[in-house]
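Step one of this worksheet: look at the structure below.
What follows is calculated from the coordinates using simple rules that are stated; it is not laboratory data. A quick note: this is a predicted structure, and the numbers were derived from the prediction, not measured. In this analysis, Cβ positions are derived from the backbone assuming ideal geometry, glycine residues included, and neighbour counts consider all displayed protein chains.
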Amino acid sequence: MRTWIKAAIAVLVLAGLLVGADRIAVVVAQGQAADKLAGRQGITGKPSVSIGDFPFLTDLISRKVGSVRLSGVGVQLNGGGSTFQLDDFSADLKGVQVSSDYKSATVDSGTGTGLVSYQEVHSLLGLDPSIALGYGGPGLVKVTGVLFGQKLSTTVKLRTDGDTVGVDSVGALPGLGALPGVGQLVNSQLGSRNFTLQGSMPVGLRLQQVVPQSGGLDLTFQGSHVQLID
């Protein structure tokens, strides 16, 4: 009986050591991945990297990780002829294959999100300083400006065409909007506005959707068979 008890204790201790070693390996790998991504592919600073696989040691042998999450990343993008900051960027990556020299990796598929403030959007669209942007309700951006000496507001819907974000439609203007030519004037000024995100996002993701939120535009990204580190 004592032999069985000793054997059971030994198995439990060994299992605990293996789990501990596995978790240590994950922490080390996460830190190394964050170091490699820091300051590269548009990322500013050092990202937070989380590996979700267990056991991880088997992934280490095959050099392929099932899931990786990047978060808390500041990203610099180019658009509308200027550089801007993408806040609260995060990405969920599936099937991350690491090269034999551990210097590069490819991703089977991935999704990501990030937020662009309305102040940044204002600059990207090249709007007049007298015009202000804000949240206009589900799917809408509120545009406020001065026309004929009066402060007026309307809403616009946005669309995506590849990596280009443009104005899809302009809402009606109360009051002065009923005057002949005013609606056409507003549409001609706002309806032609757009900006393009030049180059690919970190980890090769591409723009898929733009959703107005209270703090800015929530951008959604997606990609497959892309390069993580080059």
Completion exercise
Residues whose built amide H sits under 5 Å from the amide H of R193, excluding neighbours closer than 5 in sequence, are V167
Fill in the blank from the handout: Kirkwood radius from Cα pairs of region 85-181 plugged into Stokes-Einstein at 4 °C, 1.567 mPa s, gives D in µm²/s equal to 77 µm²/s
Fill in the blank from the handout: Length gained if D35 through Q97 is fully extended, taking 0.36 nm per residue and subtracting the Cα-Cα distance, is 20.6 nm
Exercise for the section: Grab the beta carbon distance between D88 and Q208, set R0 = 22 Å, and tell me the FRET efficiency rounded to 0.05. Expected result: 0.85
Problem - For S104, residues with placed amide H under 5 Å, excluding near neighbours - result: S99
Completion exercise
As straight-line cross-link partners of K103, the qualifying lysines (C-alpha separation under 21 Å, not fewer than 8 residues apart within one chain) are K36, K46, K64, K94
Practice task
Return the FRET efficiency for the residue pair T220, A132: r is the Cβ-Cβ distance, R0 is 25 Å, and the value is rounded to the nearest 0.05.
Solution key: 0.50
Exercise for the section: Give, as a single signed number, the net charge of other residues whose beta carbon lies under 12 Å from the beta carbon of F195, with Lys and Arg counted +1 and Asp and Glu -1. Expected result: -2
Completion exercise
S123 and T144 label points (each 7 Å along its Cα→Cβ direction) are spaced in nm at 2.1 nm
Problem - Filtered trypsin sites (Lys or Arg not before Pro), region 70-173: DSSP coil and at most 13 other beta carbons within 10 Å - result: K103
Handout entry: Pair R159, S50: separation of 7 Å Cα→Cβ label points (nm)
Key = 3.7 nm
